[in-house]
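Working notes, structure below.
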Amino acid sequence: MIKYGVPFLVMGALVFSGVIYLSDPLSARIVNSVGRTLPEDAAPLAQQIFRSMSPEPRSLDIQVNLYDGESTLQPFEPLLTRDELWQPVPAAATSYDVSDDGLTWTFHLRPGARWSDGRPVTAHDFVYGYRRMIDPKNANPYAFFYYDIKYAKAISQGTIKDITRLGLRAQDDLTLIIETERSAPYFPHIASFALAYPAPEWAIEKYGLKWTEVDHIVSNASFKMSEWVNGSHMTFVPDPMYNGPHKPYLEKVIHPFRDAATATVLAYENDEVDIEVVDINDLDRIQRHPILGKELVKSPGRTSWYLFFKMLEPPFDDIRVREAFARAIDREAICRYVLRETAVPAYSMMPPDFKEYNGEAMKPYQAFDPAKAKKLLREAGYPNGRGFPRPEMWIRAPTPSLKMVGVAIQSMLKENLGVDVTIRTADRTAYMSKLYNWEMDFGFLRFVADYVDPRNMLDMTWHSQPKGAARHDWSNPAFDRLVEQAGSELNSDRRTQLYRQAEEILVGNYAAAFVFHPLSLGLRKPRLKGYTRYPDGTVGSIIYSNVYIARE
């Protein structure tokens, strides 16, 4: 227990006002409000405040709609969480076991874990939370993410009405058993996804949709919400109830709000935030700036940008049209001149950040070839674009650089195919609604990996599903069979081989025209520490429990 204002002994060291003095007063170590000792170079507690801008969330209940949470801190702890390299590590569960056949996973929860209101966190809370994710009445657009769990798909799609048949149960308060439909070697990645948290049934039953508002929220992670000022900001502070392995160094995390489409580095330059996303339009100025140039960082994007098509109706039901569009795009030019070499050309869905990346082998299918593109469009009945219906290319809340990419694609389609394209934009919520309802004929969109396994980029994104459950209407039975087989394959080499076969079908059938894989560009204040800088010059992800503010 830490007391402030009076000295007392802790394991032979003198503590005064949150500072531990070891053998030498000059080597003072600071202890924060939840008892974590800060690194030697840490600034005083009053400065342990991390600030990061984000759009204002519609709700923090991302368990029923991931897109409502935006990019704010989420005060809920799943069974597992992720390290800087996105590998699963213990969180609410201290360990897990899996049966020899890969069908039964047993998670052992951390003793003594408590909700922010003091109630124990139990396996029953996870059962309730997982059922919420799957319950069709919640219309969770990410319910498919958990279809590996026994009966999850049938329940989500209404075939099975009894939600208690979902394949997980609490053996006791600290033991959660999850059964899967098939062996699922990637399941720890699923269990570490941000949606898979326990849910406080008593708070949800009492407050309904308002249960994550500041006066009602009950959370179980190392941070809890302390304020939410609509239109301004939200603040999180360490939760003294938290007894897990991810106690923070920080005393506050503050998220000032702003619209995603109006992001600039002005707030960072004014020292109002500690990190910022960098748009390509600002890159030249930042690189020339004597201070900002030194604070520029790059991190793995784990992202694919692609053109998608509505394939159930003309003109994109014709594979020749889709291939023509794919071959009319000069990816090298986009990456070099528009994106200033902060991205690499994409010829498939798998980003180069994945060890299974096979982009060069896929390149022959989608390489820039304007002559062949013209020929294909002519064969499809649209010589030089004549008679081709003017498509609308939808882009989601584009940044200035993404608008430039959109215009570049628009120009290339006009120059190389004679096709006139209208660019349309929508905010995130409206766009995703139209996407899952298959209301857009043609669009430019990214997919950011949820976890670093091929299943996420291929199966989770492109396996055929009904309208409302899938991003796209593309369907290919051979592809489905391969990704289903790969998903349950326990031999890693065989698994990779199956995914590559599926990938070739995806690319060769022109389910999409893949455009580029970006690096993430950002600014980070020098005083922000607690993340890794790798030999290739990239940096690790920001983990809220690891970062701290160093002395200047």
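Bear in mind these aren't lab numbers, they're just calculated from the coordinates by the rules spelled out. On a predicted model such as this, the values are computed, not experimentally measured, just so you know. Using ideal geometry, Cβ is built from the backbone for each residue, glycine included, and neighbour counts are taken over all protein chains shown.
Once the C-beta distance of Val229 and Asn270 is scaled by a Förster radius of 30 Å, the resulting FRET efficiency is 0.95 to the nearest 0.05.
Calculated translational diffusion coefficient of segment 383-429 (25 °C, 0.890 mPa s; Stokes-Einstein with Kirkwood radius over alpha-carbon pairs) equals 217 µm²/s.
Convex hull volume of the C-alpha atoms in segment 66-208, normalised per residue: 120 Å³. A simple count of charges around Met404, restricted to other residues whose Cβ falls under 12 Å of its Cβ and scoring Lys, Arg +1 and Asp, Glu -1, yields +1. Computed from point charges on the beta carbon alone (+1 for Lys and Arg, -1 for Asp and Glu), the dipole magnitude for the chain about its Cα centre is near 680 Debye. For a modelled paramagnetic label at Ala333, 7 Å from Cα along Cα-to-Cβ, the residues of segment 293-324 in reach, with backbone nitrogen under 18 Å, are 307, 324.
Which three numbers, in whole Å and largest first, are the semi-axes of the equivalent ellipsoid of segment 233-355 derived from its Cα gyration tensor as √(5λ)?
With the √(5λ) rule applied to segment 233-355, the semi-axes are 38, 23, 15 Å.
In terms of packing, defined here as the mean over residues of other Cβ atoms within 10 angstrom, the peptides 461-467, 40-46, 289-295 line up highest first as 461-467, 40-46, 289-295. Once the Cα atoms are used to define both axes, helix 370-379 deviates from the longest principal axis of the chain by about 60 degrees.
Using every pair of distinct Cα positions in segment 168-267, the Kirkwood expression returns a hydrodynamic radius of 16.9 angstrom. Our summary of shape: the Cα atoms of segment 303-518 have principal axis extents of 50, 36, 36 Å, ordered from largest down, in whole angstrom.
Go through Lys310/Lys372; Lys150/Lys355; Lys224/Lys529; Lys137/Lys224; Lys298/Lys355; Lys375/Lys467 and tell me which ones have a Cα-Cα distance over 25 Å in this structure. Result: Lys150/Lys355; Lys137/Lys224; Lys375/Lys467 exceed 25 Å. Extending 7 Å from Cα along the Cβ direction at Asp172 and again at Asp117 yields two label points whose distance is 2.7 nm.
Counting 0.36 nm for each residue step from Asp536 to Lys414 and taking away their Cα separation leaves a gain of 40.1 nm.
Restricted to Cα atoms, segment 418-504 shows a radius of gyration and a Dmax of 15.4, 49 angstrom. Projected onto their three principal axes, the Cα atoms of segment 318-369 cover extents of 32, 28, 14 Å, largest first.
Over every Cα atom in the chain, the radius of gyration and the widest Cα-Cα span, Dmax, amount to 25.0, 85 Å. Computed from the C-beta positions of Lys355 and Arg182, the FRET efficiency with R₀ = 30 Å rounds to 0.85.
A crude spin-label estimate for the pair Glu213 and Glu379, with each label 7 Å from Cα along the Cβ direction, gives 6.1 nm.
Full extension of the chain segment joining Asp259 with Lys206 gains 15.9 nm, where the gain is 0.36 nm per residue of separation less the Cα-Cα distance.
Gly129 sits among other residues whose Cβ lies under 12 Å from its own Cβ, and their net charge, with Lys and Arg +1 and Asp and Glu -1, is -3.
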